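Have a look at the structure below, then the notes.
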Amino acid sequence: MSTAFVDFKDVWLAYNEELLAQEQFAVEAIDLQVRQGEFIAIVGPSGCGKSTFMKLATGLKMPSRGNIHIDGQPVTGPLKISGMAFQAPSLLPWRTTVDNVLLPLEIVEPYRSQFKQRRPEFEERARALLQKVGLGGYEDKFPWQLSGGMQQRASICRALIHEPKLLLLDEPFGALDAFTREELWCILRDLWTEQRFNVILVTHDLRESVFLADTVYVMSKSPGRFVVRREIDLPRPRELEITYTKEFTDVVHELRGHIGALRKKGAEVAQ
């Protein structure tokens, strides 16, 4: 898979030189190849290095060993071709919803230098995206006037407004109630189906990973490494009803078994 869109080759990360000298790594021996347009999810016990992996994928951290290529280019710093959304929407309270969504276009080149001139066009794009995720009529509201689920929708729009090739999601629905979470799964599914950007989703929710992803990776306890790769061969497009089928729950239970085994092993080592 030399044409992989995301390509990690034997990547190790220690957080500083002292830890590196002691051979203490946060993640180790990461080999990962992600196809163009593929949606992957990463699951694993708390503290296994999922968020560290995301920092490597965004170029916010450089590996201590190994190489990372994304879209055919070596990663040498923060990626301009990526969009990110996290568990906390972190919308700026003094900006309206549409102005929050426009923020990346004010910061990231080549949009930044064109922003004033092309603002009407960019704003039209932002409003269309907000309509698509069910926020029509809320474009000019402030974050404090939106529910948590609405804020997270706006956060996803902000991550997608500059049409990134790679969307990185770190527990984006973790703080939401079950109904809102499932609603946002479907919104993300529809956006991905339409645009086919690459997605790396970090989540604790195994149902979420199986519903959304093409491939699920299970990470071991720290130092994190991928110990299971599970392709999800459930047909697309997936409707929520599939989550109640035996085929779906069998995959969820299989993944839960892997993580349970890792936890047990970790507890034995601690003793």
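A short reminder: the numbers here are calculations on the coordinates, not readings from a lab. The structure presented is a predicted model; accordingly, all values stated were derived computationally and were not measured. FYI the Cβ positions are ideal-geometry reconstructions off the backbone, even for glycines, and counts take in every protein chain you see.
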*For the chain, what proportion of DSSP beta bridges, expressed in % and rounded to the nearest 5, is antiparallel?*
45 percent
*First select every other residue whose beta carbon is under 9 angstrom from the beta carbon of Gly134; then total the charges, Lys and Arg +1, Asp and Glu -1.*
+1
*Which FRET efficiency, nearest 0.05, do Leu19 and Asn67 yield, Cβ-Cβ r, R0 22 Å?*
0.60
*Expressed as a rounded percentage, what relative contact order does the range 69-225 have, with Cα pairs under 8 Å and six or more residues apart?*
29 percent
*asked:* Which of Val101, Val210 has the fewest other C-beta atoms within 10 Å, and how do the rest follow up to the most?
replied: Val210, Val101
_In Hz, Karplus ³J(HN,Hα) per residue of the range 130-146 (6.51, -1.76, 1.60; θ = phi - 60°; x = Gly, Pro)_ = 5, 4, 4, 9, x, 10, x, x, 10, 4, 9, 7, 8, x, 5, 9, 10
*Rounded to whole Å and sorted largest first, list the principal axis extents of the Cα atoms in the range 91-164.*
33, 23, 20
_Cut-off under 15 Å on the C-alpha distance; same-chain residues fewer than 8 positions from Lys221 excluded. Which aspartates and glutamates are left, in chain and number order?_
Glu28, Glu268
*Evaluate the distance, in nm, between pseudo-label points positioned 7 Å from the Cα of Leu60 and of Arg112 along their respective Cα→Cβ axes.*
1.8 nm
*Residue with peak Gaussian network fluctuation, the chain [Cα springs, cutoff 10 Å], from Leu184, Leu56, Leu92*: Leu92
*What relative contact order, as a whole-number percentage, does the chain give when Cα pairs under 8 Å and 6 or more residues apart are counted?*
25 percent
*Under 16 Å from a point 7 Å along the Cα-to-Cβ line of Ser51: which residues of the range 135-170 have their amide N that close?*
169-170
_Quotient of Cα Rg and 2.2 N^0.38 Å for the chain, N being how many residues it contains_ = 1.04
_Formal net charge of residues neighbouring Phe5 (Cβ-Cβ distance under 13 Å; K, R +1; D, E -1)_ = -1
*asked:* Counting C-alpha atoms alone, how compact is the range 20-167: give Rg to one decimal and Dmax as a whole number, in angstrom.
replied: 17.6, 56
*Net dipole in debye of the chain [+1 Lys, Arg Cβ; -1 Asp, Glu Cβ; about Cα centre; nearest 20]*: 260 debye
*Given Lys9/Lys61; Lys55/Lys141; Lys132/Lys165, the pairs whose alpha carbons are separated by over 22 Å*: Lys55/Lys141
_Using Cα-Cα distances under 8 Å and only pairs 6 or more residues apart, what relative contact order does the range 91-164 have, in percent?_
49 percent
*By per-residue mean of other Cβ atoms within 10 Å, what is the highest-first order of 255-263, 235-243?*
255-263, 235-243
*Can you give the calculated 222 nm mean residue ellipticity of the chain, where each DSSP H run of n ≥ 4 adds -39,500 (n - 2.57) and the sum is split over every residue, rounded to the nearest 500 deg cm²/dmol?*
-12500 deg cm²/dmol
*Give me Tyr15, Tyr244, Tyr138 ranked fewest to most by other Cβ atoms within 10 Å of their Cβ, as a rough exposure proxy.*
Tyr244, Tyr15, Tyr138
*Evaluate the distance, in nm, between pseudo-label points positioned 7 Å from the Cα of Trp94 and of Lys80 along their respective Cα→Cβ axes.*
2.8 nm
